[in-house]
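Asks: What follows is a structure written as structure tokens; I'll ask about it next.
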Amino acid sequence: MRDQFPDFRLGKVLATSFTATLTERRGDAVERIPTPNRLVDWLAVSGLAVESCTTAQLERARELREAIHAAATAAARRDPLPVSAVQVINDCSTRSRAAAVLTPEGARQWRLGSASSVEDALGVIAADAISILAGERDGKLALCASPTCQAAFFDTSQSRTRRWCEMNTCGNRQKKARFNAHRLENPGSGQSQ
């Protein structure tokens, strides 16, 4: 990984982890794949290793990311899916030559069509988004309760009431803000007497 870039936010769901390569969408946005090589890094840690990436492929990846985010946000709000987002997702999915293969350990792994096919990797991400948006997976799409984040995430908690895309970032930030606001409103609370 290249140290000068912000850390990736990796979740258990490929498609929503991919949308988290742009965070704080309603605040000071943080681009986590600012260069083609950084997309190569993200794909590698996500099990979709490619040899290289062009600027045009990075732009296509960002287009897919924003399409997934728009569709997931609409689905979380129970709004109609944006036609343009659906078109981008479907286009990336159908252009892919990736195949799911079974490992000897019984796990699914993706085999890309060629050694350096970003398009194949994007197809895998698009297929994952389709499975979530089509309701084929156990869970529900939700939006992060952080006013600066509002990331779409796939809630697989038992109660389906998760509020934050990540407890370690957005959840803790919001809890700290509530604690500090309470302390300012009640300056004597919490101190020993």
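The values are calculated or read from the model by the stated rules, or taken from the named source; none is laboratory data. Keep in mind it's a predicted model, so treat the numbers as computed, not measured. Reconstructed Cβ throughout: ideal geometry from the backbone, glycine too, with neighbour counts over all protein chains shown. The accessibility values were calculated without ligands, DNA or RNA, using every heavy atom of the protein model including side chains. Shrake-Rupley method; radii C 1.70, N 1.55, O 1.52, S 1.80 Å.
Asks: As an exercise, identify the trypsin sites (Lys or Arg not before Pro) in segment 10-57 lying in DSSP coil whose Cβ has no more than 15 other Cβ atoms within 10 Å.
Replies: Filter output for segment 10-57: LYS12, ARG26.
Asks: Which listed residue (ILE68, PRO82, SER46) has the Cα farthest towards the positive end of the charge dipole for segment 36-108, taking +1 on Lys and Arg C-beta and -1 on Asp and Glu C-beta about the Cα centre?
Replies: The one lying farthest along the dipole's positive direction is PRO82.
Asks: May I pose another question? Using a 1.4 Å probe and ignoring any ligands, DNA or RNA, find the accessible area of THR23 and quote it in Å² to the nearest 10.
Replies: Near enough 10 Å² of accessible area.
Asks: Give, in nm to one decimal, the length gained when the segment between GLN87 and SER157 is fully stretched (0.36 nm per residue of separation minus the Cα-Cα distance).
Replies: Going from the current span to full extension adds 22.2 nm.
Asks: Quick one: dipole size for segment 12-158, taken about the Cα centre, charges +1 on Lys/Arg Cβ and -1 on Asp/Glu Cβ, in debye to the nearest 20.
Replies: With only Lys, Arg, Asp and Glu charged at Cβ, the dipole is about 180 debye.
Asks: Leaving ligands, DNA and RNA out of it, work out the accessible area of GLU185 with a 1.4 Å probe and give it in Å² to the nearest 10.
Replies: Result for GLU185: roughly 140 Å² accessible.
Asks: Name the long-range amide H neighbours of VAL30: under 5 Å, sequence gap of 5 or more, or other chain; modelled H, no Pro or chain starts.
Replies: Result for VAL30 returns THR23, GLU24.
Asks: Follow-up question, since we're still on this one. Using DSSP to define loop residues, name the GluC sites (Glu not before Pro) in segment 105-168 whose beta-carbon has at most 13 other beta-carbon atoms within 10 Å.
Replies: Loop-located and lightly packed - GLU105, GLU136.
Asks: Here is a further query. Test of understanding: what is the full-extension gain from ARG108 to ASP79, defined as 0.36 nm times their sequence separation minus their Cα-Cα distance?
Replies: 7.2 nm
Asks: To continue, here is another question. Cα atoms only, segment 39-140: Rg and Dmax in Å?
Replies: Here Rg and the maximum Cα pair distance are 14.0, 42 Å.
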